[in-house]
Amino acid sequence: MVVLNRIYTRTGDSGDTALGNGVRVAKHSLRVGAYGTVDEVNATLGIARLHADADLEAGLARIQNDLFDLGADLCTPDMENDAAAPHPRLRVVASQVTRLETEIDAMNAGLKPLRSFVLPGGSALAAHLHLCRTVCRRAERLVVELATLEAVNAEAVRYLNRLSDWLFVASRLANDGGAADVLWVPGANR
């Protein structure tokens, strides 16, 4: 359980912050940038939820919770000592990725196959979901870069990769099942 009695602590005023294991790092570190960008994805999802119907809104709410799990995962390095930790460390698990895949397949089943790339737009909800998707891809790139330097839970990378796909398919649903998708017309304005 998290208890936040004070919002400001002044401990980060010199430009550093504490990771989940207590180690202090610069706020501009790649790890902080990675989980900070996951937080950005979460904020964009909050905006998208304002436009979603009940079913999609519930899925987005669940994903927002998963993204907090992901942030907790990324802010707690030293995976090799997880078993020795005094409290179980929160890590994204394969079942969270599998759930996204199952939902993608269900959402995509009723959509017509694409014959062109889709431009971000259409309905307000679709446009917001496309923004969520692009911020998610940025988070994924940062986590992949972090994984070249430090140990990162492979399920965290898989989750972000699958989430961007989920958001793409959801954006098509939000565009009247794909009927209102804005399609790319190569060279249309030459």
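Read the figures in this text as sums done on the coordinates, not as results from a lab. This one's a predicted model, so the numbers in the text were calculated from it and none came from an experiment. A quick note on method: Cβ atoms are made from the backbone with ideal geometry, for glycine too, and the neighbour counts reach across all protein chains shown.
Using the charge dipole of the chain (Lys, Arg: +1 at Cβ; Asp, Glu: -1 at Cβ; taken about the Cα centre), state which of Gly178, Thr17, Pro77 has its Cα farthest towards the positive end.
Ranked along the dipole, the leading option is Gly178.
Net charge within 14 Å of Asp181 by Cβ-Cβ distance, Lys/Arg positive one each and Asp/Glu negative one each, not counting Asp181 itself? Let's see the in-between values first.
Details: positive: Lys112, Arg115, Arg133, Arg172; negative: Asp176.
Summing Lys/Arg as +1 and Asp/Glu as -1 gives +3.
In degrees, nearest 10, range 0 to 90: what is the angle between the Cα axis of helix 54-74 and the longest Cα principal axis of the chain?
30 degrees
If each residue's Cβ is checked for other Cβ atoms within 10 Å, how do Asp176, Asp13, Asp78 rank with the fewest at the top?
Values: Asp176 12, Asp13 8, Asp78 15.
Starting with the residue having the fewest Cβ neighbours, the order is Asp13, Asp176, Asp78.
In the range 1-117, with Lys and Arg counted as +1 and Asp and Glu as -1 at Cβ, which of these residues, Ala54, Gln64, Ala109, has the Cα nearest the positive end of the dipole, that is, farthest along it?
Sorting the options by dipole projection puts first Gln64.
Give me Leu4, Leu111 ranked fewest to most by other Cβ atoms within 10 Å of their Cβ, as a rough exposure proxy.
Leu4, Leu111
For each of Ile104, Ile7, Ile47, count neighbouring Cβ atoms within 10 Å of the residue's Cβ, then give the residues from fewest to most.
Numbers: Ile104 18, Ile7 5, Ile47 14.
By the 10 Å Cβ count, ascending: Ile7, Ile47, Ile104.
Of Leu114, Leu90, Leu163, which has the largest mean-square fluctuation in a 10 Å C-alpha GNM of the chain?
Sorting by GNM fluctuation, first place goes to Leu114.
Sort the following peptides by mean Cβ neighbour count (other Cβ atoms within 10 Å, averaged over residues), highest first: 60-69, 142-151.
Working: 60-69: 17.4, 142-151: 15.3.
Going by the mean number of other Cβ atoms within 10 Å, highest first, we get 60-69, 142-151.
Taking the Cα atoms only, what angle lies between the long axis of helix 124-147 and the longest principal axis of the chain, rounded to 10 degrees?
It works out to around 40 degrees.
Residue by residue, what Karplus-based ³J(HN,Hα) values in Hz, rounded to whole numbers, does the range 13-27 have, using 6.51, -1.76 and 1.60 with θ = phi - 60° and x for Gly and Pro?
Result, rounded to whole Hz: 5, 8, x, 10, 8, 9, 7, x, 9, x, 5, 9, 9, 5, 5.
Quote the Stokes-Einstein diffusion coefficient, in whole µm² s⁻¹, for the chain, based on the Kirkwood radius over alpha carbon pairs, a temperature of 4 °C and a viscosity of 1.567 mPa s. Intermediate values should be presented prior to the final figure.
On the way: Rh = 18.0 Å.
So the translational diffusion coefficient is about 72 µm²/s.
Would you mind calculating the relative contact order of the chain from Cα pairs under 8 angstrom and at least 6 residues apart, reporting the percent as a whole number? Walk me through the numbers before you get to the answer.
Working: 217 pairs, mean separation 50.4, N = 190.
This gives 27 percent for the chain.
Please give the helix 94-109 orientation as an angle from the longest Cα principal axis of the chain, in degrees from 0 to 90, rounded to the nearest 10.
10 degrees
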